[in-house]
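Heads up: the structure comes next, in structure tokens.
The values are calculated or read from the model by the stated rules, or taken from the named source; none is laboratory data. Computed from a prediction, not measured in an experiment: that's the story for all the values here. Virtual Cβ from ideal backbone geometry, glycine too; neighbours counted across all protein chains shown. For the accessible areas, the whole protein counts, side chains as well, though only heavy atoms, and no ligand, DNA or RNA atoms are used. Shrake-Rupley method; radii C 1.70, N 1.55, O 1.52, S 1.80 Å.
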There are 2 protein chains.
Amino acid sequence: MFSELLQPDLRLMLLEDDQYGLHEFCLALYPAVAAEVLHGLEPADVWRVLKACDVERQAEIFAFIDPPQQLELVDNVEREHLSKLIEVMSADDRVDLLGRMDEDHVESLLPLVAKAEREEIRKMLSYPEDCAGAIMTTEYASLPEDITVREALDRLRQQAPDSETIYYIYITDSNRALHGVITLRQLILARPGLRLADLMRRDVVAVKVSDDAEEVARQLALFDLIAIPVVDEENRLVGIITHDDVLDLVQEEANEDAYLQSAIEPLENDYLDTPVVTMAKKRGVWLLLLAAVGFITAKVNEGFEGVSSRHDWLSWFLPLVLASGGNTGSQSATLVIRAITVDRSATRQKVRIASHELMTGFLLASAMSAFSFLAVMFLFGRNLQEAMVVAGTIGLVVTMGTLLGSALPLIFDRLGMDPALMSNPLISSLSDILGVVIYFSTAILILEMLL
Amino acid sequence: MFSELLQPDLRLMLLEDDQYGLHEFCLALYPAVAAEVLHGLEPADVWRVLKACDVERQAEIFAFIDPPQQLELVDNVEREHLSKLIEVMSADDRVDLLGRMDEDHVESLLPLVAKAEREEIRKMLSYPEDCAGAIMTTEYASLPEDITVREALDRLRQQAPDSETIYYIYITDSNRALHGVITLRQLILARPGLRLADLMRRDVVAVKVSDDAEEVARQLALFDLIAIPVVDEENRLVGIITHDDVLDLVQEEANEDAYLQSAIEPLENDYLDTPVVTMAKKRGVWLLLLAAVGFITAKVNEGFEGVSSRHDWLSWFLPLVLASGGNTGSQSATLVIRAITVDRSATRQKVRIASHELMTGFLLASAMSAFSFLAVMFLFGRNLQEAMVVAGTIGLVVTMGTLLGSALPLIFDRLGMDPALMSNPLISSLSDILGVVIYFSTAILILEMLL
């Protein structure tokens, strides 16, 4: 990457204490690139670079620094400087940062922050994590409806420096109630004398302050918006959420879902930035739980001691039989979880989902049964009855897998829990228990009772 | 949803052939909402609704209709009307549609499309799928650098109706070479007499026409952009990709990754819109492959016939032992695949990744070993040596799982294949083979050779 090429130059500037060079560094690069070059530098050095430019620019670059490095920086600077930085940071970035910091540290810092910002921070920190209120920014552009396009453009020029975006302008009354929205594109194209009330769109797509982040992402994506307004219970405009934050959010959720699906507690940091012990904890909890389920399977297995010792060869195919159920179950669980994550209305179609899975399950069961019947007879030279035991079991566990895999996430969702907690390994482990029962019962039936 | 409430009204309008109502329906609703209400209606009815308004509005609504319904509509309308619709659709939406249609149908349609659009369509259809050229739109706003802010705003008013966004304006010369970028916000704030050359940002973040879609998403997300310009090999501006298309793309990729991770060929349509037979094929291919690996495990198992029949109880713990390796392997594979998907530079840190996994593996192996040692002794009443066999094996397979799970995706990536093809079930199946060997070898060593 570009940033790797720049770091040696930056280190040289620091070594030579080249204030002019450091100043240029902060101004010439995109904040995102500057932040990347600063990655891995000592906190004291990062501050020497940042302090070469004004505090507004510092805040812009700081917002692009990784959360773990941000926390390191916060711990290694005077509180006075930090409080200034916090004052000029954009409202959503600063709440992100303060939300991650140690509470005592935040409390010692807030008295130094200007009153207006301090009150806003306290309010935004009070919203529960992952709801619209916690991710919005309060820096939006708004105008009254009774002015003309010409006046609107003049007023917008004054608001612009403090607004996250001026491409959508929200029309509010004196109580901040949201009445409409106008795009800057409309303003540019409209006759200067037109009143905003005659130009604005009145059915504004908005989210509630308590809506969860996934709902925000869905609405913004559905309507292809640059920003979506956030309103309180009385339809008063309290903030906006912009497209870039939603994109970050969607990527984060995709990571979280992928982790949960493989039975890993979501990571807060990047993979290589997560210490080994933290990683072991986030994985170990689930592995131990899965092992506990595995011991139940072992107990059930022990219960069938008789039949398995009379037919030694049964254990050869045990891993295959169990894996077939587990794999099918994982597929079903993933499909159902994605379906209800992407489209909430799918949750109301439980019967359709279950019948869809069941029919797919029958087709899969037939194919898998036929394949394993042939393999057991011709690759392992077992007799007809023995092949029937394996093939019959595989047909049954594949069908059982589709039902289990589709039902469990729906039940979790119904209970108000995250369906993604029904991870693939957990579905597999649970299907193992049933798989053992089905396998040995089928064996007893075909090998010992029918003949 | 809102749309479910509206459909009965719409059906009534159709029944009464209420042209005024249908016209209002098309104009009053957001195109995204109108498209949702049309979901599930017969093609003929959808066309009756759409044709109540002008072709530009038809195109806007059509763009929000699901791909399967779009194809149904395309097959049920006169070619003349379809060609007009295609002419006014935005360049990226129309290439999406034509790319999905039957080739013969496209060829019979293109002669009816106006020459300028036709040539552009042929060019865009020639880009390989999933590269920047295939997802861009050619409707961008561009200006020369030697005009003033005042002139720029005037010219922009003329370009606005044909531009996907006018919030970023690209500065090009007469050869379309990209020299800079200006935001509409800058234009609004700047002195009217200033020349664009003095205002524009010269180091433009751009992607190449052949860059893949993931790279586009990464760049746009990194710089928080509303749109990113696409240039050809000679740095000539050929199109832009907007934030909303990137958001859709990221969500699609998240779905695809989730499917692959659970060994399902990615679906083209929504879950419930995918026919059972298609679904069975997309899952069955992988299940049969996994079953084939399962039969290798069975063969290896058969090879250890002697030791497993001398120690019957070994098979009780076989599912647990294999699941422990598979679960750990799935975790590692997911972590590594996410790490290299999110940050390409992680691929160059193979040694760091491997050592990170190995150390985590040791911690997990110790915890899992200790837990299973106690469980085997006290829950199952086996003796010290027997508990050592199970606990020792679990320690080894957990370590082996982390190595296998992290190495295989990296090897796949190195070979130029999608690392996500190394799905969790495949990692588990491969680790099963090694798991059986480790289990019975440990058993022979501890139970028969040492004592």
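Listed by first and then second residue, the pairs with beta-carbon distance under 8 Å, at least 6 apart or on different chains, first residue in the stretch A:210-230 and without any contact (Cβ under 8 Å) to a residue 24 or more places away in the chain and in a strand (DSSP E or B), second open to solvent by 10 Å² or more (accessible area, probe 1.4 Å) and not aliphatic (A, V, I, L, M), are A:Ile228/A:Gln219. Scanning the stretch B:236-278 for residues that are charged (D, E, K, R) and more than 30 Å from B:Ala206 (Cβ to Cβ) gives B:Glu265, B:Glu268, B:Asp270, B:Asp273.
Only one of B:Ala375, B:Ala339, B:Ala323, B:Ala333 is at pLDDT 90 or above and touching a Phe, Trp or Tyr at 6+ places or on another chain (Cβ under 6 Å); which?
Working: B:Ala339 fails: at pLDDT 90 or above; B:Ala323 fails: touching a Phe, Trp or Tyr at 6+ places or on another chain (Cβ under 6 Å); B:Ala333 fails: touching a Phe, Trp or Tyr at 6+ places or on another chain (Cβ under 6 Å).
Exactly one of B:Ala375, B:Ala339, B:Ala323, B:Ala333 is at pLDDT 90 or above and touching a Phe, Trp or Tyr at 6+ places or on another chain (Cβ under 6 Å), namely B:Ala375.
Residues in the stretch A:399-451 that are among the charged types (D, E, K, R) and within 12 Å of chain B (Cβ to nearest Cβ): A:Asp432 only.
Check the stretch A:315-336 and report whether any residue there is more than 9 Å from every other protein chain (Cβ to nearest Cβ), more than 21 Å from A:Pro425 (Cα to Cα), in contact with a helix residue (DSSP H, G or I) (Cβ under 7 Å, 6 or more places away or on another chain) and open to solvent by less than 40 Å² (accessible area, probe 1.4 Å). Steps first, please.
Initial filter on the stretch A:315-336 (more than 9 Å from every other protein chain (Cβ to nearest Cβ)): A:325, A:329.
The next check asks that each one be more than 21 Å from A:Pro425 (Cα to Cα); those that pass are none.
Checking the stretch A:315-336: not a single residue is more than 9 Å from every other protein chain (Cβ to nearest Cβ), more than 21 Å from A:Pro425 (Cα to Cα), in contact with a helix residue (DSSP H, G or I) (Cβ under 7 Å, 6 or more places away or on another chain) and open to solvent by less than 40 Å² (accessible area, probe 1.4 Å).
Residue-wise test of (1) within 38 Å of the chain's Cα centre (by Cα); (2) open to solvent by 50 Å² or more (accessible area, probe 1.4 Å).
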| site | (1), (2) |
| --- | --- |
| A:Met359 | yes, yes |
| A:Leu374 | no, yes |
| A:Ala391 | no, no |
| A:Met400 | yes, no |
| A:Ala407 | yes, no |
| A:Gly416 | yes, yes |
| A:Asn424 | yes, no |
| A:Val436 | yes, no |
| A:Leu445 | no, yes |
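If you go through the stretch A:169-189 and keep only what is open to solvent by less than 60 Å² (accessible area, probe 1.4 Å) and at the interface with another protein chain (Cβ under 10 Å from one of its Cβ atoms), you end up with A:Thr183, A:Leu184, A:Arg185, A:Leu187, A:Ile188.
Yes or no: A:Leu41 assigned to a helix (DSSP H, G or I) and of a type in the set (A, V, I, L, M, F, W, C)? Considered against the rule, which asks whether it is assigned to a helix (DSSP H, G or I) and of a type in the set (A, V, I, L, M, F, W, C), A:Leu41 comes out as no. One residue stands out among those in the stretch A:300-309 that are in a helix (DSSP H, G or I) and touching a residue at least 60 places away in the same chain (Cβ under 8 Å): the one that is farthest from the other protein chains (Cβ to nearest Cβ), which is A:Val307. Exactly one residue among A:Asp257, A:Asp224, A:Asp245, A:Asp273 is more than 16 Å from A:Cys131 (Cα to Cα), more than 11 Å from the chain's Cα centre (by Cα) and facing chain B (nearest Cβ under 9 Å), and that residue is A:Asp224.
Within the stretch A:135-154, the set of residues being under 16 Å from A:Ala91 (Cβ atoms), away from chain B (no Cβ under 13 Å) and aliphatic (A, V, I, L, M) comprises A:Ile135, A:Met136.
Give the number of residues within the stretch B:136-164 that are within 24 Å of the chain's Cα centre (by Cα) and more than 18 Å from B:Asn235 (Cα to Cα).
Keep residues of the stretch B:136-164 that are within 24 Å of the chain's Cα centre (by Cα), which gives B:136-138, B:164.
From the residues that got through so far, the ones that are more than 18 Å from B:Asn235 (Cα to Cα) too are B:164.
Selection size over the stretch B:136-164: 1.
Summed over the stretch A:195-206, residues that are aliphatic (A, V, I, L, M) and either more than 14 Å from chain B (Cβ to nearest Cβ) or in a helix (DSSP H, G or I) (or both) total 4. Condition check: more than 9 Å from chain A (Cβ to nearest Cβ), open to solvent by less than 50 Å² (accessible area, probe 1.4 Å) and under 27 Å from the mean Cα position of the chain (by Cα). Does B:Ala354 satisfy that? Taking the combined requirement at face value, the residue satisfies it.
Can you name every residue in the stretch A:357-397 that is more than 10 Å from chain B (Cβ to nearest Cβ) and among the hydroxyl-bearing types (Ser, Thr, Tyr)? Within the stretch A:357-397, A:Ser369, A:Thr393 meet the criteria.
Select from the stretch A:63-84 the residues that are among the acidic types (Asp, Glu) and farther than 21 Å from A:Glu36 by Cα and list them in ascending order.
Within the stretch A:63-84, the first condition is being among the acidic types (Asp, Glu), and the residues that meet it are A:66, A:72, A:75, A:78, A:80.
A:Glu78, A:Glu80 - these are the residues of the stretch A:63-84 that are among the acidic types (Asp, Glu) and farther than 21 Å from A:Glu36 by Cα.
When the stretch B:104-142 is limited to residues that are touching a Leu at 6+ places or on another chain (Cβ under 7 Å) and of a type in the set (Gly, Ala, Ser), the one that is most open to solvent (accessible area, probe 1.4 Å) turns out to be B:Ser142. Any chance the stretch B:272-285 includes a residue that's farther than 30 Å from B:Asp66 by Cβ and surrounded by fewer than 17 Cβ atoms within 10 Å (Cβ to Cβ)? No, that holds for no residue.
Within the stretch A:11-40, work out how many residues are away from chain B (no Cβ under 14 Å) and either at pLDDT 90 or above or out of contact with any Leu (no Cβ under 8 Å at 6 or more places or on another chain) (or both).
Looking only at that region, the number is 14.
Among the criteria (1) within 14 Å of another protein chain (Cβ to nearest Cβ); (2) surrounded by fewer than 16 Cβ atoms within 10 Å (Cβ to Cβ); (3) under 20 Å from B:Ala206 (Cβ atoms), the one B:Arg157 does not fulfil is (3).
Which is in contact with a helix residue (DSSP H, G or I) (Cβ under 7 Å, 6 or more places away or on another chain), among the charged types (D, E, K, R) and in the same structural domain as B:Gln219 (by TED's automatic domain parsing), of B:Glu145, B:Glu151? Give the steps one after another, and end with the answer.
Details: B:Glu151 fails: in contact with a helix residue (DSSP H, G or I) (Cβ under 7 Å, 6 or more places away or on another chain).
Residue meeting the stated conditions: B:Glu145.
Would you mind finding the one in A:Leu97, A:Leu82, A:Leu73 that is modelled with pLDDT of 90 or more, more than 28 Å from the chain's Cα centre (by Cα), part of a helix (DSSP H, G or I) and crowded, with 18+ Cβ neighbours inside 10 Å?
Just one listed residue meets the conditions, A:Leu82.
The test for being farther than 21 Å from B:Ile241 by Cα and open to solvent by 10 Å² or more (accessible area, probe 1.4 Å) holds for B:Glu145.
Residues that are assigned to a helix (DSSP H, G or I), in contact (Cβ under 8 Å) with a residue 12 or more places away in the chain and of a type in the set (Asp, Glu) do occur in the stretch B:101-124. Quick check on B:Phe412: is it in a helix (DSSP H, G or I), within 30 Å of B:Glu214 (Cα to Cα) and aromatic (Phe, Trp, Tyr)? Spelling it out, B:Phe412 is indeed in a helix (DSSP H, G or I), within 30 Å of B:Glu214 (Cα to Cα) and aromatic (Phe, Trp, Tyr).
Among the criteria (1) among the hydroxyl-bearing types (Ser, Thr, Tyr); (2) within 7 Å of chain B (Cβ to nearest Cβ); (3) out of contact with any Asp or Glu (no Cβ under 6 Å at 6 or more places or on another chain); (4) closer than 24 Å to B:Ser372 by Cα, the one A:Thr297 does not fulfil is (3).
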